[in-house]
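Below you'll find the structure, written out as structure tokens, and then a few comments.
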Amino acid sequence: MAADGDTRKRKRRGGKGRSRNKTEKNTRTSPFSATSSSPKKNVNPIKSSNFLDKMKARLSGGHFRMLNEKLYTCTGNEALKFFKDDPSLFNMYHVGYQEQMTHWPELPVNVIIKWLKDRTPSLIVADFGCGDARLAKNVKNKVYSIDLVSSDPSVIACDMSKTPLESSSVDVAVFCLSLMGTDFPSYLQEAHRVLKSSGWLLIAEVKSRLDPNTGGADPNEFSRAICELGFTVVTKDFSNKMFILLHFKKKEKQPRDVIEIEWPELKPCLYKRR
């Protein structure tokens, strides 16, 4: 009998032990227990950084589109005052401009750089609307880099219709996507003034601005107006899908009578939101 009693006691003690272990296990694993803490969310720093970069890019793109529209719809003098009041806006514009250029398969400034490299480096160049002065940094020529505002001391900051260059002082005048103001003819008149006889005028322009099928100006009418200013057409290159490239030379004999030129309107080049 004693043996049976001992056996029953051991069973009872063993049963209590199992019950206690289950309780302790439940206490440890229960999400509602006083000792448990709420689960923490794992934040992926890479995803967070990508999101912030996208937001910054979107804000930057919005500022660029606003500034771009401003430049296409005001005069050069108004744009000069606008950027002088806040020079940081000019830098903001060019950051956005460079981002837009990453979507172009070929850049017109590179085509112009190659054109200059194929000729004598003794040619003096005026780069109207030079931006970051990329042309001057990539050729051996003497280059007058001209733009509205710049932190680069090598750039002449001025209204492009009133540069400090002397008359008949340069061999090549370049407008690379820079005929932006509503008074763009005055920029071309200034280029005519500073060019030597038989000097080159190179114009690279967004293709849609000179495409009548999309509301742009007739390129023949545009060329005619430039010829009336005192130039002759040398070549018209429409091979690139993004821009056209026009080459003119200043006539040796300039017309004596000043005529009023009817300039075609160049529509603003407004970038769509991506």
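The values are calculated or read from the model by the stated rules, or taken from the named source; none is laboratory data. Only a predicted model underlies this, so the values are computations on that prediction, with no experimental measurement involved. When we count neighbours, we look across all protein chains shown, and the Cβ atoms used for this are built from the backbone with ideal geometry, even at glycine. We work out accessible area using only protein heavy atoms, side chains counted, and drop any ligands, DNA or RNA first. Shrake-Rupley method; radii C 1.70, N 1.55, O 1.52, S 1.80 Å.
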Tabulate in residue order the Karplus-calculated ³J(HN,Hα) for region 247-256, using 6.51 cos²θ - 1.76 cosθ + 1.60 with θ = phi - 60°, rounded to whole Hz; enter x for Gly and Pro. 10, 10, 10, 6, 5, 5, 9, 8, x, 6
Rank these residues by their accessible area, most exposed first, probe 1.4 Å: Glu262, Glu221. Glu262, Glu221
log₁₀ of I(q)/I(0) at q = 0.11, 0.24 Å⁻¹ - region 60-136, Debye sum with one point per alpha carbon: -0.37, -1.17
Lys196 accessible area, nearest 10 Å², 1.4 Å probe? 70 Å²
Tally up the carbon and sulfur contribution to the accessible surface of region 79-141 as a whole percent, 1.4 Å probe, everything protein left in place. 56 percent
Compute the distribution of all C-alpha to C-alpha distances in region 206-274, in bins of 10 Å from 0, and list the percent of pairs in each, rounded to whole numbers. 19, 44, 27, 9, 1, 0
Step through the residues of region 148-162 one at a time and calculate ³J(HN,Hα) from phi using the Karplus curve (6.51 cos²θ - 1.76 cosθ + 1.60, θ = phi - 60°), rounding each to whole Hz and writing x for Gly and Pro. 5, 9, 6, 8, 7, x, 7, 8, 7, 8, 6, 6, 5, 8, 9
Exposure rank, largest accessible area first [Trp115, Trp263; 1.4 Å]: Trp263, Trp115
Total charge of the residues flanking Ser122 in space, meaning their Cβ is under 15 Å from its Cβ, with Lys and Arg +1 and Asp and Glu -1, is +3
